[in-house]
1. Does L155 satisfy being touching a Cys at 6+ places or on another chain (Cβ under 7 Å), at negative phi and surrounded by 23 or more Cβ atoms within 10 Å (Cβ to Cβ)?
2. Taking the conditions exactly as written (under 19 Å from S9 (Cβ atoms), in contact with a Leu (Cβ under 8 Å, 6 or more places away or on another chain) and either hydroxyl-bearing (S, T, Y) or surrounded by fewer than 18 Cβ atoms within 10 Å (Cβ to Cβ) (or both)), does S127 satisfy them or not?
3. How many residues are farther than 21 Å from V123 by Cβ, in contact with a Gly (Cβ under 7 Å, 6 or more places away or on another chain) and among the aliphatic types (A, V, I, L, M) when one looks only at segment 40-96?
4. I'm checking my understanding of the structure. Among residues of segment 36-64 that are among the hydrophobic types (A, V, I, L, M, F, W, C) and under 18 Å from Y20 (Cα atoms), which one is surrounded by the fewest Cβ atoms within 10 Å (Cβ to Cβ)?
5. Do the conditions hold for A118, that is, is it among the hydrophobic types (A, V, I, L, M, F, W, C), surrounded by fewer than 20 Cβ atoms within 10 Å (Cβ to Cβ) and assigned to a strand (DSSP E or B)?
6. Taking the options G174, G134, name whichever one is crowded, with 17+ Cβ neighbours inside 10 Å, touching a residue at least 40 places away in the same chain (Cβ under 8 Å) and assigned to a loop (DSSP other than H, G, I, E, B).
Amino acid sequence: MNVLVIGASRGIGLEFVRQYREAGAAVTATARDDESLARLNALGATAIRLDVAEAASASGLARQIEGADFDVAIVNAGVSGVRGDGLSTPTEADFDRVMHVNVLGPMRVIPQIVEALAPQGKVVALSSRMGSIGSRTAAGSSLYRASKAALNSLLKDASLAHAGRAVCVAFHPGWVRTDMGGPGADIDAATSVAGMRKVIAGLRERDNGGFFDHAGQAIPW
């Protein structure tokens with residue numbers, strides 16, 4: 001198996017690299033700094049320097065993965081931004097940072113990734129239940145929610161544009177104990193990733209355009 005992980009510096013992305021390598025997969029993974037790249041190399045991955053928020057960096061991805069024939073490509077890069085109650089108004093800087101990483105970043109890299117997929121390869125975008133409009137029952141963290149709702153829209157478009165060529169799905173990984181999720185979260189990264197890997201392995205064409213949690217349960221958009 002040949003796997004690509006975009007955004008593997010730490011947390012869920014790094015755990016994907018660790019588990020796929022332990023399973024014997026060839027893994028290409030991206031990070032932004034030397035320390036993270038060294039960590040990926042130590043796990044036996046092919047490490048690529050990439051910052052999805054920088055146009056020049058993101059535009060060079062295609063050249064580095066051309067002809068790779070990935071079976072699975074995971075777009076994990078993301079930030080949480082400032083989380084507030086209700087409809088708190090973000091600063092322009094916070095808005096730009098969150099939207100550039102969580103939305104524009106995937107918009108930049110997903111078209112390049114699709115060109116480097118094996119036939120019927122799988123594109124997985126790490127989203128969040130917080131981006132679901134259909135299951136929302138409370139307000140809060142409105143900027144993060146908006147960015148993940150936009151990512152979900154992008155993923156749905158990708159599933160329609162590449163139907164028959166790739167299987168594109170979004171995942172809610174759960175509330176995970178990472179730097180972003182915090183120490184009080186429900187599950188650890190190993191449990192979340194193990195669950196998602198199992199679901200990913202079973203994805204078929206009928207699942208194209210779906211939104212799932214780490215246990216494979218469908219989530220309303």
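1. Judged against the criteria, L155 is a match.
2. Yes; evaluated as a whole, the condition is true for this residue.
3. Of the residues in that region, 0 qualify.
4. A42
5. yes
6. On the way: G134 fails: crowded, with 17+ Cβ neighbours inside 10 Å.
Exactly one residue qualifies, and that residue is G174.
Every residue, every condition in (1) surrounded by fewer than 19 Cβ atoms within 10 Å (Cβ to Cβ); (2) at pLDDT below 95; (3) farther than 16 Å from D71 by Cα; (4) in contact with a Lys or Arg (Cβ under 6 Å, 6 or more places away or on another chain), yes or no:
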site	(1), (2), (3), (4)
A161	yes, no, yes, no
G181	no, yes, yes, no
D186	yes, yes, yes, no
M196	no, no, no, no
R204	yes, no, no, no
F212	no, no, yes, no
G216	yes, no, yes, no
W221	yes, yes, yes, no
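For every residue, the table says whether it meets (1) among the acidic types (D, E); (2) more than 14 Å from L50 (Cα to Cα); (3) at pLDDT 95 or above.
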{"residue": "A73", "(1), (2), (3)": "no, yes, yes"}
{"residue": "G78", "(1), (2), (3)": "no, no, no"}
{"residue": "G81", "(1), (2), (3)": "no, yes, no"}
{"residue": "S88", "(1), (2), (3)": "no, yes, no"}
{"residue": "M99", "(1), (2), (3)": "no, yes, yes"}
{"residue": "G105", "(1), (2), (3)": "no, no, yes"}
{"residue": "V109", "(1), (2), (3)": "no, no, yes"}
{"residue": "Q112", "(1), (2), (3)": "no, no, yes"}
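The values are calculated or read from the model by the stated rules, or taken from the named source; none is laboratory data. Since this is a predicted model, take the numbers as computed values, not measurements. Quick reminder, even Gly has a Cβ in these numbers, built from the backbone with ideal geometry, and neighbours come from all protein chains shown.
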